[in-house]
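The values are calculated or read from the model by the stated rules, or taken from the named source; none is laboratory data. Note that the structure is predicted; figures quoted are calculated from it, not measured. No Cβ is skipped: glycine too gets one built from the backbone with ideal geometry, and neighbour counts run over all protein chains shown. For the accessible areas, the whole protein counts, side chains as well, though only heavy atoms, and no ligand, DNA or RNA atoms are used. Shrake-Rupley method; radii C 1.70, N 1.55, O 1.52, S 1.80 Å.
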Amino acid sequence: MHGYSRLGRASGSPPSSPRFRRHSKGRGGGVGVGVGVDVKLLERWVYAVISAVYRRRGVLLFAPLLYVSAMLLYMGTMGFHLGFTTTTPSSSSAPLGSLYRSPQLFQHLWPYIQPQNNPTNNDLMMNVWNIKSRPSWKPCNNLQNSQAELPKSNGFLIIEANGGLNQQRLSICDAVAVAGLLNATLVIPIFHLNSVWRDSSKFGDIFDEEFFIYALRHHVNVVRELPADILERFDNNISNIVNLRVKGWSSPTYYLQKVLPRLLELGAVRIAPFSNRLAHAVPSEIQGLRCLSNFGALRFSEPIRTLAAKMVDKMIQNASTSGGKYISVHLRFEEDMVAFSCCVYDGGEEEQREMDIARERSWRGKFRKKNRIIRPGAIRMDGKCPLTPLEVGMMLRGMGFDNNTSVYVAAGKIYKAEKYMAPLKQMFPRLETKDTLASPEELAPFMGYSSRLAALDYTICLYSEVFVTTQGGNFPHFLIGHRRYSYEGHAKTIIPDKRKLAQLFDSPHIRWESFQRQLREMLHHSDVKGSEIRKPSASLFMYPMPDCMCKQAAAKNSTR
């Protein structure tokens, strides 16, 4: 299970070392034979060293270190690509992960996938996880008793939220918590026009501003704008208000010692940017403000809620064969995501040229630094490549979802959508997106506003029976936590082990039975991880128990 996308880590067992596939006899001449001999000698040397270590108990603790060192040396001799190359290695000689083999795997498995279209098959959507007893969690109020009238404010707090929809959401919740900590009046957050998201939306365009103020009224004072008399102190220019540079993940003590004195002195302070400026571990009453803000006070604006409700209704109607239950998939295969990953797919020189342009456009010079080593094969085997729509489809079919399953795809503009989306639609004909659920006229007010479009996706995914995340990031991070909060602490979420998937997709001759078995084990693992308690270093936005939820008696044997 993936852990949090900020950490950028995949969980589960690490993949086996990439193996060099020797040239077949008669191909590659003496070069292939020479490399094969070197590899064989290296393998014998590694085996001999590790065997000697294990015979001596006194050095047993050094075995893991020796193993890792040997594997690094081994991978180095296998010729993983340094930088990008326009030459394509032959299938027989290519190291694991250096080729995008999923299309070949799909052609091999399609005869086995296709017969599973019988609607009389056991409908996995009716019972996604095994029925079992598990503790039930309910939202609870861990805030101090609310007051009819809040104490006199110490001043005004102005913050600037940056990033996309859920990065802004994080900043807003943390701002509410800091305002409560400092007994400050929070000014409705300003949204920074991000160079990547390019969304000029204001707070009220995305969130219900009036409801936000009302929901927090007993805990934190919130105003739409700075009062005129305060603004006059700064020549009617917010930019003249002191901008305090707060370090990331600062503790409550830091705010009380460094920020509060300036707030009392000046009457108003700014903190911009305000992304990730409050530590995860804070007192329970401060966490309570985060909980109230995220799960209780932040709801989308009326235009977003109205259209999203229509789209959810359509998904439920389309899923009539499965009791109105549908899957939602967060697909991260936009051009910028593919370019940033440095992964190589099957587009050849044209793809390489397009990716080079995209990298230079969004990350000028970042990928052309001197001595920078890029190994696409190693990146893929480490589970860092964005899953293609084809791979998502094969994963879900291997887990047991048949072509009667209704699937909603939440995504931005998919890279070469006509090419890459076709096999996913072939495997799941009942596939929907924003563009198929809503008319062009209904979507027109949202076009050009990425955060508003993301809010539509967020709502439809929130009400799905199963949510599938493929790449990490703030969107699934918040959504998984919101689903846990909404469904008694257990989120029916598939977080695939992408290292294991990389191995499966790099095995174009694997047997269907083996492919199915490993993917159903992955599904079971997601079920086990569906309900988790927050660790001290983790975020409550993804793990709302126990900060935002209280444990109830054991639930009855039932599913939602």
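Please give the number of the condition Gly377 fails out of (1) over 19 Å from Tyr420 (Cβ atoms); (2) touching a residue at least 12 places away in the same chain (Cβ under 8 Å); (3) open to solvent by 30 Å² or more (accessible area, probe 1.4 Å). With (1) over 19 Å from Tyr420 (Cβ atoms); (2) touching a residue at least 12 places away in the same chain (Cβ under 8 Å); (3) open to solvent by 30 Å² or more (accessible area, probe 1.4 Å) applied to Gly377, the lone miss is (3). Selection of first residues in region 515-533 that are free of Cβ contacts under 8 Å to residues at least 60 places away in the same chain and within 30 Å of Ala281 (Cα to Cα) and of second residues that are surrounded by 14 or more Cβ atoms within 10 Å (Cβ to Cβ) and not β-branched (Val, Ile, Thr), restricted to Cβ pairs under 8 Å at least 6 apart or on distinct chains, gives the following pairs, ordered by first then second residue: Glu532/Tyr543; Glu532/Met545; Ile533/Tyr543; Ile533/Met545; Ile533/Pro546. Among the residues of this structure, Asn474 counts as one that is in contact with a helix residue (DSSP H, G or I) (Cβ under 7 Å, 6 or more places away or on another chain), closer than 27 Å to Trp137 by Cα and not hydroxyl-bearing (Ser, Thr, Tyr).
If we keep just the residues of region 259-304 that are of a type in the set (Ser, Thr, Tyr) and part of a helix (DSSP H, G or I), which is least open to solvent (accessible area, probe 1.4 Å)? Outline the logic, then answer.
To start, the set of residues in region 259-304 that are of a type in the set (Ser, Thr, Tyr) comprises 275, 284, 293, 301.
Filter again for part of a helix (DSSP H, G or I), leaving 284, 293.
Numbers: Ser284: 68, Ser293: 0 Å².
Once the filter is applied, the top-ranked residue is Ser293.
Being touching a Gly at 6+ places or on another chain (Cβ under 9 Å) and in contact (Cβ under 8 Å) with a residue 24 or more places away in the chain is the requirement here; does Leu289 meet it? Write out each step before concluding.
Working: touching a Gly at 6+ places or on another chain (Cβ under 9 Å): yes; in contact (Cβ under 8 Å) with a residue 24 or more places away in the chain: yes.
Yes; evaluated as a whole, the condition is true for this residue.
Only residues that are assigned to a loop (DSSP other than H, G, I, E, B) and within 19 Å of Leu96 (Cα to Cα) were counted in region 352-399, giving 10.
I'm checking my understanding of the structure. Among residues of region 391-404 that are of a type outside the set (D, E, K, R) and open to solvent by 10 Å² or more (accessible area, probe 1.4 Å), which one is nearest to Leu519 (Cα to Cα)? Spell out the reasoning first.
Applying the first criterion (of a type outside the set (D, E, K, R)) to region 391-404 yields 392-396, 398-401, 403-404.
Next, only the ones that are open to solvent by 10 Å² or more (accessible area, probe 1.4 Å) stay: 400, 403-404.
On the way: Gly400: 9, Asn403: 17, Asn404: 19 Å.
Ranking the qualifying residues of region 391-404, first place goes to Gly400.
For region 411-449, the set of residues classified as within 22 Å of Thr321 (Cα to Cα), out of contact with any Pro (no Cβ under 8 Å at 6 or more places or on another chain) and of a type outside the set (Phe, Trp, Tyr) consists of Lys425, Gln426, Met427, Pro429, Arg430, Leu431, Glu432, Thr433, Lys434, Thr436, Leu437, Ala438, listed by residue number. So, of the residues in region 306-331 that are of a type in the set (Gly, Ala, Ser) and not in a helix (DSSP H, G or I), which turns out to be modelled with the highest pLDDT? Checking each candidate, the answer is Ser328.
Which members of region 400-432 meet the condition of being part of a helix (DSSP H, G or I) and charged (D, E, K, R)?
So the first thing to find is which residues in region 400-432 are part of a helix (DSSP H, G or I), and the list is 417-420, 422-427.
Residues satisfying the conditions are Glu418, Lys419, Lys425.
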